[in-house]
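Trainee: Structure incoming, see below.
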Amino acid sequence: MDFATIIGMATAALLMFFAIGPANLAAFVDLPSVYIVLGGSSAATLAAFPASKVLASMGIMKNVFFVNVKSPVEVIKQLVEFAEQARREGILALESRASEIKDDFLKKGLQLAVDGTEPDLIKDILSTDIAFTESRHEEGAKIFDFMGFMAPAFGMMGTSVGLVLMLGNLSDIDSIGPNMAVALITTFYGSVVANMFCIPIVQKLKNYSARELLVKELMLEGIMSLQSGDNPRIVEQKLTSFLEPSLRLSAMKDGKK
């Protein structure tokens, strides 16, 4: 579970709550404004994307809170271990290890290498997998990005509606203040939906996507090294070059640069 996401969103909500003040919360509750912002932005999103993609995005959102991205450090250690075994016993010895691997991408790549598939074909198959994974991630992020764009737009539309109703009833002086407040609430709702939820979700999804793609690139490079019979030390040096300097030492087996 990603506690940073939960803490960040909860903190933003609490700060907003205390800034408004419990005694003033009732002034910020307006169901027609909710209908315009949430209903309007949801309907526009459904019109812009296939229904199946929109429904799938609800499942994608759980990835923001429940992270399941493998550690690149652990992946490197595992691949170096495979390289050592392959050097001692031959690459065919890794066939029994494939059944122990839970990651489908790594399992597929290792099986292709063990089966003696041509290096260019292995790289082509796995690179295609990576490209389509990236495309799927982008589609999920685009939906929330679009909602983050539409929510403030519908907030402004709701404000325009409120202002029209207010200006059409200027003869009633007592209604001007409340109507103006209601008109501005839709803008507030749109800003909250976009800046407290949609935009952070998009950024978090992009971050997780980058991490997952990095791990897949590591796996691809490691599998190609296994297939070509590289020395385990060379495999380690190749793979650690993918990492930022602060992580390289922890990924190396002997802990030495």
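Trainee: Kirkwood-based Rg over Rh for the stretch 108-257 (C-alpha set), two decimals? Mind showing how you got there, number by number?
Mentor: Values: Rg = 26.9 Å, Rh = 19.9 Å.
Using Cα coordinates only, the ratio equals 1.35.
Trainee: Next up: Identify which of I173, I201, I101 has the largest mean-square fluctuation in a Gaussian network model of the chain, with springs joining Cα atoms closer than 10 Å.
Mentor: Of I173, I201, I101, the most mobile in the Gaussian network model is I173.
Trainee: Using alpha carbon coordinates only, what is the Rg to Rh ratio of the chain, with Rh defined as the Kirkwood radius? Can you show the working numbers first?
Mentor: Working: Rg = 26.2 Å, Rh = 22.0 Å.
Rg/Rh for the chain comes to 1.19.
Trainee: Keeping the other protein chains in place, figure out the carbon and sulfur percent of the accessible area of the chain, with a 1.4 Å probe.
Mentor: On the way: 9190 of 14420 Å².
In the chain, the share of accessible area belonging to carbon and sulfur is 64 percent.
Trainee: Averaged over all directions, how much area does the convex hull of the C-alpha atoms of the stretch 99-160 cover when projected, in nm²?
Mentor: So the mean shadow area of the Cα hull is 5.7 nm².
Trainee: Based on C-alpha coordinates, I'd like the Rg and Dmax of the stretch 1-114, in Å.
Mentor: 24.4, 73
Trainee: Okay, next question. Per residue, how many Å² of accessible area does the chain show with a 1.4 Å probe?
Mentor: Values: 14420 Å² over 257 residues.
Here the residues of the chain average 56 Å² of exposed surface.
Trainee: Here is a follow-up. On the Cα set of the stretch 19-71, report Rg and Dmax in Å, please.
Mentor: Radius of gyration, then largest Cα-Cα span, for the stretch 19-71: 16.8, 47 Å.
Trainee: Next question. Put +1 on the Cβ of every Lys and Arg and -1 on every Asp and Glu Cβ in the stretch 60-206; which of A113, G158, A86 then has its Cα farthest towards the positive end of the dipole?
Mentor: Of A113, G158, A86, it is G158.
Trainee: For the stretch 129-210, what log10 I(q)/I(0) values come out of the Debye formula at q = 0.17, 0.21 1/Å, with one point per alpha carbon and no solvent?
Mentor: -0.70, -0.86
Trainee: Filter the DSSP H helices in the chain by two things, a Kyte-Doolittle mean of at least 0.5 and an axial alpha-carbon span of 18 angstrom or more, and list the hits by number.
Mentor: On the way: long enough: 3-20 (25 Å, 2.25); 51-65 (23 Å, 0.91); 72-89 (25 Å, -0.46); 119-167 (72 Å, 0.54); 173-192 (30 Å, 1.02); 199-228 (44 Å, 0.25).
Flagged H segments are 3-20, 51-65, 119-167, 173-192.
Trainee: About its Cα centre, what dipole magnitude does the chain give when the only charges are +1 on Lys and Arg Cβ and -1 on Asp and Glu Cβ, stated in debye to the nearest 20?
Mentor: On the way: 23 positive and 28 negative charges, 99 e Å.
Computed charge dipole of the chain: roughly 480 debye.
The values are calculated or read from the model by the stated rules, or taken from the named source; none is laboratory data. Here the structure is a predicted model, which means the values were calculated and not measured. A quick note on method: Cβ atoms are made from the backbone with ideal geometry, for glycine too, and the neighbour counts reach across all protein chains shown. We work out accessible area using only protein heavy atoms, side chains counted, and drop any ligands, DNA or RNA first. Shrake-Rupley method; radii C 1.70, N 1.55, O 1.52, S 1.80 Å.
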